[in-house]
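The values are calculated or read from the model by the stated rules, or taken from the named source; none is laboratory data. Just so we're clear, the structure is a prediction, and the values are computed from it rather than from any experiment. Positions of Cβ are generated from backbone atoms using ideal geometry, with glycine treated the same way; all protein chains shown enter the neighbour counts.
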Amino acid sequence: MRHRPGLRVLVVGGGVAALEAVLTLRELVDSRLEITLLSPNPRFEYAPLSVAEPFDLGTAHRFELREILRDRGVDTIVDALEVVDAPNREVRTTGGLAIPYGALLVAIGAHRRSALPGAITFSGSRATSDIRRLLRDAAAGTVERLVFAVPAGVTWSLPVYELALMTSAHLAEHELPVEVALVTPEPRPVDAFGAQPSAAVEEMLGLRGIPFHSAAPVRVEPGRLIVENGEPIPADAVVALPKLVAPEISGLPRDELGFLPVDEHGRVRDLAGVYAAGDVTSFPLKQGGIATQQADAAAEAIAADLGEHVHPAPFRPVLRGLLLTGRAPRYLRAEVLRGRATRSTAEEEAIWWPPAKIAGRRLGPFLALQGVPGGPPPDAVALELDASDDPDEDELSDLPG
C-alpha cells in the first residue's frame, strides 16, 4: 500500500547502522516521507581508527548528527529509547517523549562490558590512555611481558591483532625488549576469514615475534594469564576486548542471549512495522561493515513495505576487515561456500570501494564528504569474506569501472 502523507519512519540509534539506514532511506523513499533519527548521543563517532590513537597513527572522527544530516531532510531527536508500543506504533523515551511511527528501525547497538577479570578492557578511544600508560611502563622497564587477549564469546577479534602488531612495531622502533603475545579461542589467526588470510596474518605475527596461543582466556593473576585447558601464560599486563551485552527495551522480543531476532530483511519477529540492524540483532557476528549491510537490507524492506518501487535484497553478509599493522598494506579475500571458507586470494590493490575501515555502501562516500579519509591507512592489511551460501550472489566488493 502506498504510504500516507506525513507518515514517519523512525530510526533509533546513533552508530554506523543507524546512519547507513537513514542515508539509504533518504535515497529510496519519497522526499515527502518524514525520517526521524532518535539518538541518545548528539554526536556520531566513526571509531575504527581509535585502535591507532595510542600510537598517534590515527584518530576517531566525531560529528554532530544534526549538522551532518541537516541537508538530508532528517529530523534529529536527542533522547534514549525506553519502550516500544508496537500495537499502537509508538515509542516512548527516557525523556518522556511519545513518538509515533509508521515504520521503526532499531539500530541501538550493544553495551560493551569487561569480559576478562584483571585485564585492561580496550573499548575504543576511552582506552587510549590505558594503552599509552602501558607503553610508558614498558619504556620504564616495569612491563616486560604484554599479552593481548580475546575472551570467549567475542565475535570480532580484529582489533586485538591490530593492537598486538602496532604495539610490537612501537616497541621495536624504541628498542624496548618487551615480549608481546596474543591469546584467542580461535584455532588460527583471524579464523573467520579462511585459510589464506589466516596464513598471511600468522606470517605477520611470526615476523614480529608474536606467539599465537589458541586458548580461551579465563582470568588474570599476578604475573600470568590463566587459560582453559592449558598452561598459564606469563604476563605483566593483559589487554582484552570487551564482550557485547544486549540492551533491554520494553516491548521488543529477545533471543536466548538477549538480542533481537530478525529475518533476512531485518524484520523483527512477530512485530509488524518493526525492523532492526546492527549489533542489537541476533546475527552472531558483530562488526561495523556487517551492521551497514543489515541496515541496507532493512531500509530497502521498509521502503518496499511503504509502497516504494523497490525490490528489497535480503541480507547476504560480506565480511571485510582492514587490519592496521605498521607495515605495507595487502588486501586479502576469502569466500565462504556452505559455511566453509574457499577461494582465498591475496591482492596488492583495493578489493572494495571506498577502501575504508567500515565499507558501508552509502556511509563510506558520505563520510568522505565530511572529511574522513576514504582510503586505507598507510600501514594496513585488508581482509574480505563473502559469507553468502550462494556462490552466484552479486557481491558488493566490485570497484567502479
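Among the residues of the stretch 150-162, is there at least one that is polar (S, T, N, Q), at pLDDT 95 or above and within 24 Å of the chain's Cα centre (by Cα)?
no
Name the residues in the stretch 204-213 that are in contact (Cβ under 8 Å) with a residue 12 or more places away in the chain and farther than 12 Å from residue 148 by Cα, would you?
Selection gives 204, 205, 208, 209.
So which of 40, 117 ends up being in contact with a Lys or Arg (Cβ under 6 Å, 6 or more places away or on another chain), touching a residue at least 24 places away in the same chain (Cβ under 8 Å) and over 17 Å from residue 363 (Cβ atoms)?
One residue alone meets the criteria, 117.
In the stretch 186-222, how many residues are among the charged types (D, E, K, R) and within 19 Å of residue 159 (Cβ to Cβ)?
Final tally of qualifying residues: 5.
Every residue in the stretch 21-37 that is without any contact (Cβ under 8 Å) to a residue 60 or more places away in the chain, surrounded by 16 or more Cβ atoms within 10 Å (Cβ to Cβ) and polar (S, T, N, Q), please.
Correct list: empty.
Criterion first (under 30 Å from residue 164 (Cβ atoms) and of a type in the set (Ser, Thr, Tyr)) does residue 59 satisfy it?
Spelling it out, residue 59 is indeed under 30 Å from residue 164 (Cβ atoms) and of a type in the set (Ser, Thr, Tyr).
Every residue in the stretch 170-202 that is surrounded by fewer than 18 Cβ atoms within 10 Å (Cβ to Cβ), assigned to a helix (DSSP H, G or I) and modelled with pLDDT of 90 or more, please.
Correct list: 172, 173, 202.
If residue 71 satisfies all but one of (1) modelled with pLDDT under 90; (2) of a type in the set (Asp, Glu); (3) in contact with a Ser or Thr (Cβ under 6 Å, 6 or more places away or on another chain), what's the number of the condition it fails?
Result: residue 71 fails condition (3) only.
Being under 20 Å from residue 143 (Cβ atoms) and either touching a helix residue (DSSP H, G or I) at 6+ places or on another chain (Cβ under 7 Å) or of a type in the set (Ser, Thr, Tyr) (or both) narrows it down to one residue among 170, 265; which is it?
The match here is 170.
Kindly provide the set of residues from the stretch 83-115 that are over 24 Å from residue 265 (Cβ atoms) and either in a loop (DSSP other than H, G, I, E, B) or of a type outside the set (A, V, I, L, M, F, W, C) (or both), ordered by number.
92, 93, 94, 95, 96, 97, 111, 112, 113, 114, 115
Which of the residues spanning the stretch 131-155 are surrounded by fewer than 19 Cβ atoms within 10 Å (Cβ to Cβ) and among the aromatic types (Phe, Trp, Tyr)?
Hits for the stretch 131-155: nothing passes.
Run residue 270 past the list (1) within 27 Å of residue 244 (Cβ to Cβ); (2) modelled with pLDDT under 85 and report the number of the one that doesn't hold.
So the condition that residue 270 fails would be (2).
Restricting to the stretch 57-108, give me the number of residues that are within 23 Å of the chain's Cα centre (by Cα) and under 21 Å from residue 253 (Cβ atoms).
Within the stretch 57-108, residues that are within 23 Å of the chain's Cα centre (by Cα) and under 21 Å from residue 253 (Cβ atoms) number 7.
Tell me, please, whether a residue that is buried (at least 16 other Cβ atoms within 10 Å of the Cβ), within 29 Å of residue 308 (Cα to Cα) and either not assigned by TED's automatic domain parsing to the domain that holds residue 286 or not aromatic (Phe, Trp, Tyr) (or both) can be found in the stretch 46-65.
Yes, some residue in the stretch 46-65 is buried (at least 16 other Cβ atoms within 10 Å of the Cβ), within 29 Å of residue 308 (Cα to Cα) and either not assigned by TED's automatic domain parsing to the domain that holds residue 286 or not aromatic (Phe, Trp, Tyr) (or both).
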